[in-house]
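Here's the structure, in C-alpha cells; my notes come after.
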Amino acid sequence: LDWGQDLPGLKRYLDERGWQGRGHPPVYLAYFGTGHPPHYRIDAIPLFRFHEFLPDRYPVPLTGGVYCISATVLQAVYLHAPGPWIRSHEQLYQLLSELMRMYEQDPAGRPALLERAASLLGQFGIGTWGDVFDLYEHVRLARLCAYLRQREPDDQVGYSILIYRLTDADVDKALHGPPPFSRGRR
C-alpha cells in the first residue's frame, strides 16, 4: 500500500494548512515506503528509524501535534511489537521505558545498564545504545498506533497516509494510560 505515492500529496496537504516552515506545530511522520520524505521537503520528525538513511539518535520526546502515519505502519506490521497490542508488547514497552528512565538518571551507570539491557533483550540483538533506542522507538510507536487504531483519523492523504491531530493529553494517554489492548485480546 505504501511505496511513496502519497508523499507529494502530504507535502501539499501540510503546506496548505501552514504546517511547514517557521513556527509550524510539531509534525511527526511514521512512514513505510521507499520514498525519501526529505526529498519532497517534508519537514517532519521521524517517529522511528526504519530506513538506513536515518542516523542513530536518542528517541525524540513526543508532544501534541500533527501525526502523519502511513497505513502499513498504523497496523504495526513491520514494528518490533507487530499486530494487536497484547500483554507481552506492554511488558516489553514498560521494560524499555524503565531502561530509558534509568539511562537519563544515571549517565555513569550506562555501561552496566547496557549489559543488563543486552541480557534482558538479547532476542532483539541489542549490542549498543543505538539498538536500545531503535527498539524503544519501534515499541513506543506500536503502542501509539494501537491507541490510534481505536479512533478515526482526522484526515487522510491519498490512500496511504492517515492524519491525526493529537494534544499533549492525547499523547500522554496513548503512551502512559491504560494499555490499548484490542477488545477480547490480552
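The values are calculated or read from the model by the stated rules, or taken from the named source; none is laboratory data. Quick caveat: nothing in here was measured; it's all calculated off a predicted structure. Methodologically, a virtual Cβ is constructed for each residue, glycine included, from the backbone with ideal geometry; neighbour enumeration extends over all protein chains shown. Heads up: the accessible areas ignore ligands, DNA and RNA and are worked out on the full protein's heavy atoms, side chains in. Shrake-Rupley method; radii C 1.70, N 1.55, O 1.52, S 1.80 Å.
Kindly indicate whether GLN75 is under 19 Å from PHE48 (Cβ atoms), open to solvent by 80 Å² or more (accessible area, probe 1.4 Å) and of a type in the set (S, T, N, Q).
Against the criterion (under 19 Å from PHE48 (Cβ atoms), open to solvent by 80 Å² or more (accessible area, probe 1.4 Å) and of a type in the set (S, T, N, Q)), GLN75 qualifies.
Just checking, how many residues over the stretch 15-35 are open to solvent by 40 Å² or more (accessible area, probe 1.4 Å) and within 17 Å of the chain's Cα centre (by Cα)?
Of the residues in that region, 2 qualify.
Of all residues in the stretch 81-113, which are touching a residue at least 24 places away in the same chain (Cβ under 8 Å), surrounded by fewer than 19 Cβ atoms within 10 Å (Cβ to Cβ) and either assigned to a loop (DSSP other than H, G, I, E, B) or touching a Leu at 6+ places or on another chain (Cβ under 9 Å) (or both)?
Result: PRO82, PRO84, ILE86, LEU95, SER97.
I need the full set of residues from the stretch 36-51 which are surrounded by 14 or more Cβ atoms within 10 Å (Cβ to Cβ) and over 26 Å from TYR136 (Cα atoms), in order please.
Correct list: TYR40 only.
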